[in-house]
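Novice: Handing you a structure now.
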Amino acid sequence: MKKRAFIKNLGAIGLLPFSDSFFNSSAYASTNLPNQSNLSEKEKWQLIRSQYDLHPDFINLESGYYNIIPKPTLAKQIEHLKRVNLEGSYYMREHRFKDKDRITASLAEFVGCAAENLVVTRNTTESLDLVISGFPWKKGDEAIYAVQDYGAMQVMFEQVEKRHGIGLRKVSVPNHPENDEEIVRLYENEITAQTKLIMISHMINITGHILPVKKICQMAHRYGVQVLVDGAHCIGHFEFNIEDFDCDYYGSSLHKWLATPLGAGLLYVKSKHIPNIWPLLADHEKDPTKIRRLSHTGTHPVATDLTIIDAISYLNWIGLEQKENRLRYLKTYWQEALKDTPNIIINTSFDPWRSCGIGNVGLKNMKPAILAKRLFEEFNVFTVAIDYANVKGCRISPNLFTTKDELDTFIDAMKKLSTS
């Protein structure tokens, strides 16, 4: 499967209900973006930066929560909003579900899995909580996850613990492991005869640490244990195919690094597990083998779903490999500049394949909340404080619009604050 095959324009996949005389088909075609092959490296990133509306009052180093939409993608979202508003119930009744099937097929090709194993959701929390809450738990079953995992999932496990009487076992992932085997052993050492599910982060959201997903899945399957992967920060961030991991479930948010509008996510479920998961909301699909039964969300902003294809098209124009390399370069740039500074604590691996665009840095002489506050108030640098598990610092997540000058401002600020 050619995961990065360029997505065809929206008209070609049947999103136009009327004749071309009613709608200008070019309005729904993939955004016409300039040829970048003849540009220098500096010119290329200047061009991409120009495609974002950036706040003039602060430097945004917090792309992890939500990636703001580039102007070409935002323009397409507005077109979709206008179209749906114009057609009203006609669109919702005649085209909504057919379009969602086609969008799902395009997204499945992009992430490297079969369309029959994928549904579009609203975010990672919905995707993972659907599996955690809908898993066929029996009293006495056990689950394993890390204290560094996202809080919403941990709370759902706690709710399932109370509801079904399951046991919870937790690991703590080191910020600087010696190798992949150390990580695999952490989870393996917690497995018992009652273990049914392990949840792992593909990329730990507070540090940017990329875990060896495939190795953990292979280990868990030897014990007959299923693996749920939190990939909130991974789709559109770096190159991989979901099916290559042989995981049982994979959830992600598309409004993060794929830069779709807010409210788009995905859930992958291995075929043999689809009949066993209870949906969050009941659907009219009665066939237990069809993943659509897990994706009912009622009436919601369909323009968000339609814009997924435009976000993929925009990323294809940049090139995912090129984006991955740029994000890793930016993260390494500030890491290297700060690594020998007194009082600086870097909570993210320097191994280039154990992290990508997200990193975390703290100060020995300052609490994370105070650090984030002073970065913003004194240096106009916006980031987020992290202060739990073994991570005390600020998450730094530049984006493709970030310049070295902006990172230099951040680096200079950290050095000054390290002596405060």
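The values are calculated or read from the model by the stated rules, or taken from the named source; none is laboratory data. Bear in mind that the values here come from a model prediction, so they are computed numbers and not experimental data. Here the Cβ is made from the backbone with ideal geometry for all residues, glycine too, and neighbour counts use every protein chain on show.
Novice: Looking for something hydroxyl-bearing (Ser, Thr, Tyr), in contact (Cβ under 8 Å) with a residue 60 or more places away in the chain, surrounded by 20 or more Cβ atoms within 10 Å (Cβ to Cβ) and in a loop (DSSP other than H, G, I, E, B) - is there at least one such residue anywhere in segment 388-398?
Specialist: Within segment 388-398, none of the residues are hydroxyl-bearing (Ser, Thr, Tyr), in contact (Cβ under 8 Å) with a residue 60 or more places away in the chain, surrounded by 20 or more Cβ atoms within 10 Å (Cβ to Cβ) and in a loop (DSSP other than H, G, I, E, B).
Novice: Going through ASN343, ASN347 one at a time, which residue ends up being touching a residue at least 24 places away in the same chain (Cβ under 8 Å) and more than 21 Å from TYR65 (Cα to Cα)?
Specialist: Of the residues listed, the single one that is touching a residue at least 24 places away in the same chain (Cβ under 8 Å) and more than 21 Å from TYR65 (Cα to Cα) is ASN343.
Novice: From the list SER63, SER89, which residue is of a type in the set (S, T, N, Q), under 30 Å from VAL173 (Cα atoms) and at pLDDT 95 or above?
Specialist: SER63
Novice: May I ask you to verify whether LEU267 is touching a residue at least 40 places away in the same chain (Cβ under 8 Å), under 16 Å from ASP101 (Cβ atoms), in contact with a Gly (Cβ under 8 Å, 6 or more places away or on another chain) and not basic (Lys, Arg)? Lay out the reasoning, then the answer.
Specialist: Working: touching a residue at least 40 places away in the same chain (Cβ under 8 Å): yes; under 16 Å from ASP101 (Cβ atoms): yes; in contact with a Gly (Cβ under 8 Å, 6 or more places away or on another chain): yes; not basic (Lys, Arg): yes.
Criteria met by LEU267.
Novice: Please enumerate the residues belonging to segment 187-237 that are small (Gly, Ala, Ser), out of contact with any strand residue (DSSP E or B) (no Cβ under 6 Å at 6 or more places or on another chain) and surrounded by 22 or more Cβ atoms within 10 Å (Cβ to Cβ).
Specialist: Correct list: GLY236 only.
Novice: With modelled with pLDDT of 95 or more, among the hydroxyl-bearing types (Ser, Thr, Tyr) and within 18 Å of TYR388 (Cβ to Cβ) as the only criterion, which of THR207, THR195 stands out?
Specialist: Exactly one of THR207, THR195 is modelled with pLDDT of 95 or more, among the hydroxyl-bearing types (Ser, Thr, Tyr) and within 18 Å of TYR388 (Cβ to Cβ), namely THR207.
Novice: Pairs under 9 Å by beta carbon, first residue of a type in the set (D, E, K, R) in segment 119-139, partner crowded, with 22+ Cβ neighbours inside 10 Å and outside any helix (DSSP H, G or I), six or more apart or different chains?
Specialist: Close Cβ pairs satisfying both conditions: ARG122/SER253; ARG122/ALA264; ARG122/GLY265; GLU126/GLY251; GLU126/GLY265; GLU126/LEU267; ASP129/GLY251.
Novice: OK, next. Hey, which of the strands (runs of 3 or more DSSP E) in segment 239-349, taking only ones fully inside, have at least 3 residues that are more than 30 Å from SER418 (Cβ to Cβ)?
Specialist: Ranges flagged: 249-253, 265-269.
Novice: Something else about it: Sort through THR299, THR307 and tell me the only one that's surrounded by 12 or more Cβ atoms within 10 Å (Cβ to Cβ) and either more than 23 Å from ASP246 (Cβ to Cβ) or in the same structural domain as GLY236 (by TED's automatic domain parsing) (or both).
Specialist: Exactly one residue qualifies, and that residue is THR307.
Novice: What residue, among those in segment 257-294 that are within 30 Å of LYS71 (Cβ to Cβ) and small (Gly, Ala, Ser), is surrounded by the fewest Cβ atoms within 10 Å (Cβ to Cβ)?
Specialist: In this case the residue turns out to be GLY263.
Novice: Please note which helices (runs of 4 or more DSSP H) are completely contained in segment 23-139 and include at least 1 residues that are under 23 Å from the mean Cα position of the chain (by Cα).
Specialist: 41-50, 71-87, 96-111, 124-134
Novice: Right, something else. Being without any contact (Cβ under 8 Å) to a residue 12 or more places away in the chain and among the aliphatic types (A, V, I, L, M) is the filter here, so list the residues in segment 184-242 that pass it.
Specialist: The answer is ALA193, and nothing else.
Novice: Only one of (1) over 20 Å from SER253 (Cα atoms); (2) in contact with a Pro (Cβ under 6 Å, 6 or more places away or on another chain) fails for ASP283. Which number is that?
Specialist: (2)
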